[in-house]
Amino acid sequence: MNPHSYAVGMGQGMAGFTGGEASAELAANSSEQAENLIGIDEVQRSLNRSRASVYRYTNTDPRNLNPPFNPRKLNPEYRSDQKEPLMFHPNEVARFARDVLRIKEVTVEVLNSPSTATQQLLGSILDELRSIRELLDSSNITPTPLDARREQHEQARPAA
């Protein structure tokens, strides 16, 4: 079979399958991995199968929102509501392609995507917090215990 390849942007990173050795190259950061989930459309493109075929491959059950792992099916990530879209981890799609569809050469890559406005805003907030921390560290004011501050405040207020 010919190798399948694709790249799709998802949150912080991009997941892609390209022909090559059967290996998984994913970041160890769990928050990054959570954002690298891919949807039905990306799975469809990566496996070069119709949307109906992908749904037939998927491990779903109308009576059970999160059925147990089935090695012969494409297992979606945990969902808390029936209305949530099916999302798949790139490693699961690669496992399914290799073990069930017998696609011999599968590589999973996670690449950084261009930063979004949200990521830029969060970065600027982080920079500002770092500069505040530097100012606090460089000042010669030692922190006072909260209890002492409370006592000063209570003494300053007249009793009713």
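Readers should treat all values here as calculations from the given coordinates under stated rules, not as data from a laboratory. All of these numbers come straight from a predicted model, not from anything done at the bench. In this analysis, Cβ positions are derived from the backbone assuming ideal geometry, glycine residues included, and neighbour counts consider all displayed protein chains.
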The summed charge of the Pro85 Cβ neighbourhood (under 12 Å; Lys/Arg +1, Asp/Glu -1) stands at -3
Residues whose built amide H sits under 5 Å from the amide H of Met87, excluding neighbours closer than 5 in sequence, are Glu77
Between Thr58 and residues 5 or more places away or on another chain, the pairs with built amide H atoms under 5 Å apart involve Leu74
Whole-Hz Karplus couplings 3J(HN,Hα) for the range 74-91, θ = phi - 60° and coefficients 6.51, -1.76, 1.60, Gly and Pro as x, run 8, 8, x, 6, 4, 10, 9, 8, 4, 7, 5, x, 5, 10, 10, 7, x, 5
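How high is the FRET efficiency from Asp99 to Gln120, r the C-beta distance, R0 41 Å, rounded to 0.05? Mind dumping the intermediate values first?
Details: r = 40 Å, r/R0 = 0.98.
Result of the calculation: an efficiency of 0.55.
By how many nm would the segment from Ile141 to Asn48 lengthen if fully extended, with 0.36 nm per residue of separation less the alpha-carbon distance? It would help to have the intermediate numbers written out before the result.
Working: separation 93, 0.36 × 93 = 33.48 nm, distance 6.36 nm.
Extra length available between Ile141 and Asn48 comes to 27.1 nm.
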